[in-house]
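Asker: Starting off with a structure, shown below.
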Amino acid sequence: MAGIAFVGCDLLAAGDAQAQASGAVRRREVVVSGRRVKTVDVHAHCAVPEAMALMGLKVEPQTLIMGQDRIRAMDEQGIDVEALSINPYWYKAERDLARALIKIQNEKLAGLCASQPQRFVAFATVALQYPDLAAEQLEEGVKKLGLRGGSIGANVAGEELSDPKFHPFWAKAEQLGCLIFIHPQGGTAGFEQRLRGSGGLGNVIGNPLDTTIALSHLIFEGTLDRFPGLKICAAHGGGYLPSYAARSDAGCVTFPDRCPKPLKKRPTEYLRQLYYDSIVFTPEALRHLVAEVGSGQIVMGTDYPFPWMKTSVDHILNTPGLSDAERAAMLGETASRLLGIKA
């Protein structure tokens, strides 16, 4: 597995076992109401240097490369399983290059997961700029390689995910019944100029805004009506959409001429069929997300190795007003069901 883990998968597994046996790393076990809960992180990034090299790119930061630090961080935070994803950087690649790149990535992801089946699962990467190819790659990733779904950007080189050109991909995702993880690409979402300057706004504001726009188009353009069986998980708590959802309902009432495509239900009702990670930072934000979308639609995320949320387990455990059943579901039970992770 040289290329995704410089130490090699066999050494990664052996090193983990040795560390556990020696007691050097104490793995935090999460307990809810006296019951051990398997925790699942649906939002964890990695990189495959071999694949990136095909586009002349290098891995940055280096912590995206899998190694012992990853296992150590998981153990310290109380993360039993990570669902690995790779943020798209290949949406402008030519078809043959994209095919080769995705083949390397998905095979490396599958190999890593096979070497550590108790700790890792992964989302297949797909060349969504070629929807027919992406559908093939998703099917191969899920059926042949054992990957648990697909990860995509919130836009494809500026094109909306709701564009009819992407229907073949959505149809395949619905047919497979697998989870699709949508991660934003704020730096390529078309509003870069206004987000320049101090504060890292391209990420801080741009990423959640990118997700908000993507989900809104999937609702209002009828994609979720056309493919009602889709299982979609949106990063960063769904962006800003759940925080101001009622305006989506009011918009078509206030300006009916601006909503030419009739929907089967109110816009806010679609929010309760989507899934969201828990990266919303405060107990009040998580409480509000639960109120808007339902606790059964929320799964835990860390955004590792980026240090946005180092206390994702405690974020869920310490948010007031949640039942023990709701906490257990968010910590891992819902994600285990969606990703086919055995108890």
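Only the coordinates and a few stated rules stand behind these numbers; no lab work does. Computed from a predicted structure; not experimentally measured. Backbone-built Cβ (ideal geometry, glycine too); neighbour counts: all protein chains shown.
Asker: Out of these labelled values of P(r) over Cα pairs in 20 Å bins from 0, in percent, [x] 27, 56, 17, 1; [y] 29, 58, 13, 0; [z] 31, 60, 9, 0, which was calculated from the coordinates shown here?
Answerer: Here P(r) over Cα pairs in 20 Å bins from 0, in percent agrees with entry [z].
Asker: Suppose we flag trypsin sites (Lys or Arg not before Pro) only when DSSP calls them loop and at most 16 other Cβ atoms lie within 10 Å. Which is the longest uninterrupted stretch of the chain?
Answerer: Maximal segment without exposed cleavage sites: 93-195.
Asker: Looking at this model, which pairs from 38/103; 143/265; 144/172; 103/165; 172/264 are more than 25 angstrom apart at the alpha-carbon?
Answerer: 38/103; 143/265
Asker: While we're here: Report, for the chain, the % of DSSP beta bridges that are antiparallel, rounded to 5.
Answerer: Of the beta bridges lying entirely in the chain, close to 15 percent run antiparallel.
Asker: Under a GNM of the chain (C-alpha, springs under 10 Å), which listed residue has the highest mean-square fluctuation: 134, 73, 214?
Answerer: Taking springs between Cα atoms under 10 Å, the residue moving most is 73.
Asker: Under the definition of Cα pairs under 8 Å and six or more residues apart, what whole-number percent is the relative contact order of the range 233-343?
Answerer: RCO, the range 233-343: 25 percent.
Asker: Could you check which residue among 33, 216, 198 shows the biggest mean-square fluctuation in a GNM of the chain with a 10 Å Cα cutoff?
Answerer: 198
Asker: Okay, next question. Defining a contact as two alpha carbons under 8 Å apart and six or more residues distant in sequence, what relative contact order in percent does the chain show?
Answerer: Relative contact order, the chain: 17 percent.
Asker: While we're on this one: The chain: longest stretch without exposed GluC sites (Glu not before Pro) (DSSP loop, at most 12 other Cβ within 10 Å), sites themselves excluded?
Answerer: No qualifying site falls inside 95-343, the longest such stretch.
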